[in-house]
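Chemist: Pasting a structure below so you can have a look.
The values are calculated or read from the model by the stated rules, or taken from the named source; none is laboratory data. Please read all numbers here as calculations on a predicted model, not as lab measurements. Cβ coordinates were reconstructed from backbone atoms using ideal geometry, including for glycine residues, and neighbour counts include every protein chain displayed. What goes into the accessible areas is simple: the full protein's heavy atoms, side chains included, and nothing from ligands, DNA or RNA. Shrake-Rupley method; radii C 1.70, N 1.55, O 1.52, S 1.80 Å.
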Amino acid sequence: MTLPLLLTLTGIAVLDSFNPSLFIAQFYLFTTPRPVSRITSYIAGILTVNFGGGVLILGGVRAVIADFLGNMGDTTLYSLQFIVGIALLGFGLWYKAAGTVETEARKPQSLGMIYAFGFGMVVMLNEITTALPYFVAIEQMAQAQLNALQSLSALAVYNLVFSLPLFAFLGLYVRYRDRFAAQLNSISQWIHIWTPRLMKYACILFGILLALNAAVYLISETALFR
């Protein structure tokens, strides 16, 4: 796995982590009694769906894409990059960033750890409509023609970066429990208002960079970055 690919996956994962629904559900769990183990189980459910889905998707398309890419030149590859960039730009323009603080958090049927794990899985599955950044990351992995171990490592790195904000809030709660609990409502409102905006404009920016890089190569045969 090359450094440019690692940086690309990290950037996309940071962008993908700006998902308000994941935070809203987590912040609801913060309001329950003794939430640490419950939230850890919730995050595990999210990562099970995200990592497992990535393995299934990448495993299903890797062989086909590898054969396909083997017969393509740089012009075709950068044309695909241009299409991906335009798709990401279009997603950013389509994605609604007008968060409202009145939205009610989803709630699990029970406060047990197993239910919290399933709750995380359900929340992640429900967010499939905002999974375009993850699909872009998987497309980048497929283009890199990684072997099985490298693919699993790349998915692990992506999901680690993706989950860092969730673990960061859990760490803040453990470290500053009383202060964090007192500010929970205001933090939740800030997350719900600003994360959709961050995701929207990050998609737009990243899409423009990809499309611009591909367009420059198609015109001059010299990419801004590889």
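Chemist: From the Cα gyration tensor of region 137-226, with a ≥ b ≥ c the square roots of its eigenvalues, which class applies: rounded if a/c is under 1.5, or else prolate if a/b is larger than b/c, or else oblate? Write out the running numbers ahead of the final one.
Modeler: Numbers: a/c = 4.43, a/b = 1.77, b/c = 2.50.
Oblate is the answer for region 137-226, as a/c is 1.5 or above yet b/c matches or exceeds a/b.
Chemist: With a point put 7 Å past each Cα toward its Cβ, work out how far Q150 is from Q189 in nm, to one decimal.
Modeler: It works out to 5.0 nm between the two label points.
Chemist: Using a 1.4 Å probe, what is the accessible area per residue for region 7-49, in Å²?
Modeler: Details: 1300 Å² over 43 residues.
Value returned for region 7-49: 30 Å² of accessible area per residue.
Chemist: So, R0 is 35 Å and r is the distance between the beta-carbons of V36 and E221; what FRET efficiency does that work out to, to 0.05? Let's see the in-between values first.
Modeler: Details: r = 55 Å, r/R0 = 1.56.
The value I calculate is 0.05.
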